[in-house]
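S.K.: I have a structure I would like to understand better, so I am pasting it below and will then ask my questions one at a time.
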Amino acid sequence: MKRAIIVGASSGIGLEVARLLRQQGWKVGVAARRVELLVEFEFSAQIDVTSPDAVGQLLELVGRVGGLDLYFHASGIGHQNRELHEDVELKTLETNALGFTRMVGAAYRYMAGHGGGHIAVISSIAGTKGLGPAPSYSATKAFQNTYIQSLEQLANARHLNIRFTDLRPGFVATDLLNDGNHYPLLLNKVSVARDMVSSIRRQRHVRVIDWRWRIITNVWRLIPCCVWRHLRL
């Protein structure tokens, strides 16, 4: 039986991925800040990725599950912040950059010492270009894209049997986007979770979800910076 830990599994995509893996026979451990929402799972832990204690709590959960074949990072926050409120920007950095690095790094080190594994993370199409409506969110997602790419190169250089999958969905209809703002081409969270589990099984390196967002992000990359900086999003 393969063993997976999903961090950020209290709702949305993380919860759906946890359910799918369990249905497919995985032994699943789940973690989130709101542990009361994880009662349907046998193995759970209350983990706040911004806490210095998070790594110890993750390793304790890994011990209860019996090991770690897949680490799935679904924890993250994001807001439109056109007024650039300081608290929003700093909290996003704390969760999506520092917390992300803390947890993914812990999973990497564990796998490096235990024969390998698979690390999959939910980043976003928002990391493709700097998006003015959500500066810190866009920047931290670009950080995540580059960090996973760097770890993959590092693991290969060290001959470690660690695989990586960077999952980049477009806008998904979850509580994260329930902020009164308009988001185009909203995706269904269950369909997105299925795509993610399939991408992990196929050991994809990078997966943009779905086909419409693959076209859009490819177009974004072609837009010169001198044009992009004047766009109104």
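S.K.: What is the one condition in (1) open to solvent by 10 Å² or more (accessible area, probe 1.4 Å); (2) more than 19 Å from the chain's Cα centre (by Cα); (3) in contact (Cβ under 8 Å) with a residue 24 or more places away in the chain that GLY56 does not satisfy?
M.R.: Among (1) open to solvent by 10 Å² or more (accessible area, probe 1.4 Å); (2) more than 19 Å from the chain's Cα centre (by Cα); (3) in contact (Cβ under 8 Å) with a residue 24 or more places away in the chain, the lone unmet condition for GLY56 is (3).
S.K.: I'd like the residue in the range 68-82 that is of a type in the set (A, V, I, L, M, F, W, C) and in a loop (DSSP other than H, G, I, E, B) and, out of all such residues, is least open to solvent (accessible area, probe 1.4 Å).
M.R.: Out of the qualifying residues, it is LEU68.
S.K.: Given (1) exposed (fewer than 13 other Cβ atoms within 10 Å of the Cβ); (2) within 25 Å of HIS118 (Cα to Cα); (3) not basic (Lys, Arg), where does LEU167 come up short, assuming only one miss?
M.R.: It is condition (1) that LEU167 fails.
S.K.: Still on this structure, please answer the following. Hey, among VAL65, VAL121, VAL104, which residue is open to solvent by less than 10 Å² (accessible area, probe 1.4 Å), in contact with a Gly (Cβ under 7 Å, 6 or more places away or on another chain), modelled with pLDDT of 95 or more and of a type outside the set (Phe, Trp, Tyr)?
M.R.: The unique qualifying residue is VAL65.
S.K.: So, one more: Given the conditions (1) surrounded by fewer than 17 Cβ atoms within 10 Å (Cβ to Cβ); (2) under 21 Å from TRP26 (Cα atoms); (3) of a type in the set (D, E, K, R), which single one is not true for LYS189?
M.R.: Among (1) surrounded by fewer than 17 Cβ atoms within 10 Å (Cβ to Cβ); (2) under 21 Å from TRP26 (Cα atoms); (3) of a type in the set (D, E, K, R), the lone unmet condition for LYS189 is (1).
S.K.: For residues that are over 13 Å from the mean Cα position of the chain (by Cα) and assigned to a loop (DSSP other than H, G, I, E, B), scanning just the range 116-139, find the one that is farthest from ARG82 (Cα to Cα).
M.R.: GLY116
S.K.: Within the group VAL192, VAL206, which residue is touching a Pro at 6+ places or on another chain (Cβ under 8 Å), aliphatic (A, V, I, L, M) and under 19 Å from ASN145 (Cβ atoms)?
M.R.: Every option except VAL192 fails the conditions.
S.K.: Tell me, yes or no, whether the range 149-164 has at least one residue that is of a type in the set (Phe, Trp, Tyr) and within 17 Å of ILE119 (Cβ to Cβ).
M.R.: Yes, some residue in the range 149-164 is of a type in the set (Phe, Trp, Tyr) and within 17 Å of ILE119 (Cβ to Cβ).
S.K.: Restricting attention to the range 107-117, and to residues there that are open to solvent by 10 Å² or more (accessible area, probe 1.4 Å) and not small (Gly, Ala, Ser), which single residue is farthest from GLY14 (Cα to Cα)?
M.R.: Result: HIS114.
S.K.: Consider PHE72 against the criteria (1) touching a Pro at 6+ places or on another chain (Cβ under 7 Å); (2) modelled with pLDDT of 95 or more: it satisfies all of them except one. Which criterion is unmet?
M.R.: Unmet for PHE72, out of (1) touching a Pro at 6+ places or on another chain (Cβ under 7 Å); (2) modelled with pLDDT of 95 or more: (1).
S.K.: Can you name the residue in the range 199-230 that is without any contact (Cβ under 8 Å) to a residue 60 or more places away in the chain and in a loop (DSSP other than H, G, I, E, B) and is also nearest to VAL172 (Cα to Cα) among such residues?
M.R.: ASP210
S.K.: A further question follows. Out of all the residues in the range 1-46, which are under 19 Å from ARG194 (Cβ atoms), touching a residue at least 60 places away in the same chain (Cβ under 8 Å) and of a type in the set (A, V, I, L, M, F, W, C)?
M.R.: Listed by number, the residues that qualify are ALA4, ILE6, ALA9, ILE13, VAL17, LEU20, LEU21.
S.K.: Still on this structure, please answer the following. Out of the range 83-100, which residues are in a helix (DSSP H, G or I) and open to solvent by 40 Å² or more (accessible area, probe 1.4 Å)?
M.R.: GLU86, ASP87, LEU90, LYS91, LEU93, GLU94, LEU98
S.K.: Something else about it: Do we find a residue being more than 24 Å from LEU187 (Cα to Cα) and of a type in the set (Ser, Thr, Tyr) anywhere in the range 70-78?
M.R.: no
The values are calculated or read from the model by the stated rules, or taken from the named source; none is laboratory data. Because the structure is a prediction, the values reported are computed rather than measured. Positions of Cβ are generated from backbone atoms using ideal geometry, with glycine treated the same way; all protein chains shown enter the neighbour counts. Calculation scope for accessible area: heavy atoms of the full protein, side chains included, ligands and nucleic acids excluded. Shrake-Rupley method; radii C 1.70, N 1.55, O 1.52, S 1.80 Å.
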